[in-house]
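Please read the structure below before turning to the comments.
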Amino acid sequence: MRKLIDLDQTTLTKLKMLSVFEHLSVKALIENAVHTYVKSKEKERFNNLTDEEKEDLGLMMMMQEVDREDLVSREEIMKILKS
């Protein structure tokens with residue numbers, strides 16, 4: 001997806017200098033910075049969740065990964081619940 005952003009000249013110059021030292025394009029440098037920022041905010045938000053909210057989030061993630069075509073019989077479920 002392409003998005004245009006406006007940067008002031010000072011910030012753009014600093015990005016160009018950093019890109020030279022990092023051997024990256026300005027675009028790649030900005031992408032890395034945004035990716036790092038988003039990851040940091042996700043981790044910060046996760047750390048602020050209660051144990052119950054963390055459990056709910058984990059359950060939701062597991063539900064998204066499950067194979068919806070894989071079926072289990074009622075008998076198998078009851079057998080697991082009884083043990």
Practice task
Keeping to the stretch 1-18, report how many residues are farther than 12 Å from Glu31 by Cβ, part of a helix (DSSP H, G or I) and not charged (D, E, K, R).
Solution key: 7
Completion exercise
If we keep only residues of the stretch 61-83 that are of a type outside the set (A, V, I, L, M, F, W, C) and part of a loop (DSSP other than H, G, I, E, B), then the residue modelled with the highest pLDDT is Ser73
Completion exercise
The residue that is surrounded by the fewest Cβ atoms within 10 Å (Cβ to Cβ), considering only those in the stretch 17-31 that are within 15 Å of Ile5 (Cβ to Cβ) and not small (Gly, Ala, Ser), is Lys27
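The values are calculated or read from the model by the stated rules, or taken from the named source; none is laboratory data. In this text the structure is predicted, and so the values were computed from the model without any measurement. Using ideal geometry, Cβ is built from the backbone for each residue, glycine included, and neighbour counts are taken over all protein chains shown.
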